[in-house]
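The structure appears below as structure tokens.
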Amino acid sequence: MPDDGFLIIGHRGAAGLEPENTLRSFARALEIGVDAIELDVYCVEGHLVVIHDDTLERTTNGHGEVMQTSFAALRRLDAGRGERIPTLAEVFAVVPNGFTVNVELKGKGTAEPVARCIAEHAHVDALVSSFDHAELTRFHDVAPKARTAPLFHRASTRMFDIAAALEAWSINLSEKLATAERLAGIGDRGYRSLVYTVNDPAVAERLRSAGATGIFTDYPDRMRRFRS
């Protein structure tokens, strides 16, 4: 991922245009032109599956909890337009050399399998994030050289302590939290600030002017003007 410029990250691929977290969605984001893609992973029977919710109903034709469903059954589901739930390795296999994938740890026990998958796909520029800072710490312990980004959806007095303990590359935060004052504080401490989920170019422009270094968007096609 570039170290300068305003980064446009495809949220779950191009989630506003294609079924989210599918190979079709990631391909669409790449076709449009993004600096990175973001996705979510759970570990089921030792396999890293790419899906956001802990239940199946919203994004697939299945029912029940992701973690209570067998890997084989998950792979038979329709995740939209005939797409199936991909594995992290399948996504890594189709991204260009040096391309950035932001992997969000969702389920318990994802830290070590994600670290192994990243090590097995050296061509991928990985950034690993999570709201579960304990799981993200476990990832950092086993892969200390990998880039990390704690996620925040509400204000925390421990934001910078958590980021420092993780030797974080960026702090990823909700649009609601992304005030000019907070963005300045993040930048002053040497971290990048990536803001989710931004689908209005006017909001993206405001955030850029306030000091944000990038956004996650469901509609990367709307953000073409920010691409150099």
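The values are calculated or read from the model by the stated rules, or taken from the named source; none is laboratory data. These numbers were taken from a predicted model, which means no experiment stands behind them. Glycine also receives a Cβ, built like all others from the backbone with ideal geometry; neighbour counts cover every protein chain displayed. For the accessible areas, the whole protein counts, side chains as well, though only heavy atoms, and no ligand, DNA or RNA atoms are used. Shrake-Rupley method; radii C 1.70, N 1.55, O 1.52, S 1.80 Å.
Quick notes
- Failed item in (1) in contact (Cβ under 8 Å) with a residue 40 or more places away in the chain; (2) of a type outside the set (Gly, Ala, Ser); (3) open to solvent by less than 20 Å² (accessible area, probe 1.4 Å), with TRP169 passing the rest: (3)
- Any hit, the stretch 31-39, residues being under 24 Å from ASP132 (Cα atoms) and touching a helix residue (DSSP H, G or I) at 6+ places or on another chain (Cβ under 7 Å): yes
- Residue match in the stretch 173-185 (condition: under 29 Å from ALA27 (Cβ atoms) and under 14 Å from the mean Cα position of the chain (by Cα)): yes
- Pick from the stretch 209-226, criterion in a helix (DSSP H, G or I) and touching a residue at least 40 places away in the same chain (Cβ under 8 Å), ranking: surrounded by the fewest Cβ atoms within 10 Å (Cβ to Cβ): ARG224
- Candidates ARG206, ARG189, filtered to the one that is surrounded by fewer than 16 Cβ atoms within 10 Å (Cβ to Cβ) and either touching a strand residue (DSSP E or B) at 6+ places or on another chain (Cβ under 9 Å) or under 16 Å from TRP169 (Cα atoms) (or both): ARG189
- Looking only at the stretch 128-159, and only at residues there that are over 13 Å from the mean Cα position of the chain (by Cα) and small (Gly, Ala, Ser), the one that is surrounded by the fewest Cβ atoms within 10 Å (Cβ to Cβ): ALA134
- In the set VAL142, VAL94, only one residue is β-branched (Val, Ile, Thr), at pLDDT 95 or above and closer than 16 Å to LEU166 by Cβ; that residue is VAL142.
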